[in-house]
Amino acid sequence: MRYYAIGDIHGRADLLAELHGIIAKDLMSFSGASTIIYLGDYVDRGSDTKGVLDQLISSTIGTTRVFLKGNHEEMLLEFLEHPMKAQRWLAMGGVEAASSYGVSGTDVRRVATALAAAMPKTHLGFLRGLQVSYSADQFFFCHAGVRPGVKLAKQDARDLLWIKGDFLNSDEMFEKIVVHGHSPVDEVDIRPNRINVDTRAYASGRLSCVVLDGSSVRVLATTARVTFRAKLRAWLRDWLR
């Protein structure tokens, strides 16, 4: 089995379409089975959350597809249920996501109501059906990472969606190699115990994918197109989130 793990998309439907084309070309010379794993954070920040979800739902690339939940999907769903309690989502990229559905405004409750009405049922069903992890062969896929010292089967969902420092700073050799996103890096970070595939696509223009085929590890990515100012603004936003 060959695995293609795609990092955080964050509303960049244009980059997702480009990367799907790159993967499809890569698969042309491969006759075996392939699984495409999307590591979460499909929504927010970029300008076309709606377009991203449309593509994911209709995708036929690869033999099978696995869709994981990111913390931004969790925040969006919480906002729709409890807008006043979860209104921080708007400041973390939710404004852009709502705008892609034609929804705007400053009244939090009205925005939540309008967004719930504007989102197709297929989009809501897709978001509500996302899983938090996927384990296959020597790899464990999740959005953010795992809690060191805890068996993979016992990981808490919140850690799988949100963890940062304790995981990123750990040299622990987990039961499997953890493939994740959530914590932006300039280039795909390949380490003995984990692989980080989040290359800040929404701002850098580089949406990355790691190709795992037995002991082989390769990287596919769109071509980065970004100004220094946009990169600095994105770095500050990530640091403050």
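Points worth noting:
- Restricting Arg128, Arg110 to residues that are out of contact with any strand residue (DSSP E or B) (no Cβ under 7 Å at 6 or more places or on another chain), farther than 27 Å from Ile36 by Cα and at pLDDT 95 or above narrows the list to Arg110.
- Selection status of Lys121, touching an Asp or Glu at 6+ places or on another chain (Cβ under 9 Å) and farther than 19 Å from Gly46 by Cα: no
- Out of Asp107, Asp156, Asp137, one residue alone is over 30 Å from Arg2 (Cα atoms) and either touching an Asp or Glu at 6+ places or on another chain (Cβ under 6 Å) or charged (D, E, K, R) (or both). It is Asp107.
For (1) under 19 Å from Tyr4 (Cβ atoms); (2) among the acidic types (Asp, Glu); (3) crowded, with 19+ Cβ neighbours inside 10 Å; (4) modelled with pLDDT of 95 or more, each residue gets a yes or a no:
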residue: Lys176; (1), (2), (3), (4): yes, no, no, yes
residue: His180; (1), (2), (3), (4): yes, no, yes, yes
residue: Val188; (1), (2), (3), (4): yes, no, yes, yes
residue: Arg206; (1), (2), (3), (4): yes, no, yes, yes
residue: Val217; (1), (2), (3), (4): yes, no, no, yes
residue: Arg237; (1), (2), (3), (4): no, no, no, no
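- Where strands (runs of 3 or more DSSP E) sit wholly within the range 1-104, those with at least 2 residues that are among the aromatic types (Phe, Trp, Tyr) occupy 2-6.
- Checked across the range 11-19, the condition of being farther than 18 Å from Leu161 by Cα, in contact with a His (Cβ under 6 Å, 6 or more places away or on another chain), buried (at least 24 other Cβ atoms within 10 Å of the Cβ) and not hydrophobic (A, V, I, L, M, F, W, C) holds for no residue.
The values are calculated or read from the model by the stated rules, or taken from the named source; none is laboratory data. Here the structure is a predicted model, which is why all the values come from computation and not from measurement. Quick reminder, even Gly has a Cβ in these numbers, built from the backbone with ideal geometry, and neighbours come from all protein chains shown.
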